[in-house]
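Participant: My questions all concern the structure below.
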Amino acid sequence: MLLLDEPTAGLDPLTTRHIIDLLIHDNLAGKTIITSTHDLHIVEEISDRVYVFGHGKNIVKTASSSQILSDIPLLESNNLVHIHSHKHQGKVHVHPHQHIDHHH
């Protein structure tokens, strides 16, 4: 069994890819892997089941990765969606943005 806390936090894209590949390989070899992460772009690739923790450190929802990742209100209410600002024609535009790539 592997228990990992934020295994890809702050890593460059190539090293992140290596970590993901290692986790997938170990899981296919029969290891149970439990991972905590805020990197939503890796969740669908490494997770069969997702548990979302709320502000009170309690589980607020559990479901498949695709169900969790498509529940934008859940992600927003639990600080799992980033707020980005962009400049368009000289004006700053702020909006929530999910770092989710469903096309691997």
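The values are calculated or read from the model by the stated rules, or taken from the named source; none is laboratory data. Bear in mind the structure is a predicted one, so any value in this text is a computation, not a measurement. Using ideal geometry, Cβ is built from the backbone for each residue, glycine included, and neighbour counts are taken over all protein chains shown.
Participant: Given the conditions (1) without any contact (Cβ under 8 Å) to a residue 24 or more places away in the chain; (2) surrounded by 10 or more Cβ atoms within 10 Å (Cβ to Cβ), report the number of the one that LEU80 does not fulfil.
Facilitator: Every listed condition holds for LEU80 apart from (1).
Participant: Quick one: which helices (runs of 4 or more DSSP H) sit completely within the chain and have at least 2 residues that are acidic (Asp, Glu) and at pLDDT below 95?
Facilitator: By residue number, 40-46.
Participant: Which residue is nearest to the chain's Cα centre (by Cα), if the candidates are limited to the stretch 34-65 and must be surrounded by 13 or more Cβ atoms within 10 Å (Cβ to Cβ), among the hydrophobic types (A, V, I, L, M, F, W, C) and more than 23 Å from GLY10 (Cβ to Cβ)?
Facilitator: Among them, the one singled out is ALA63.
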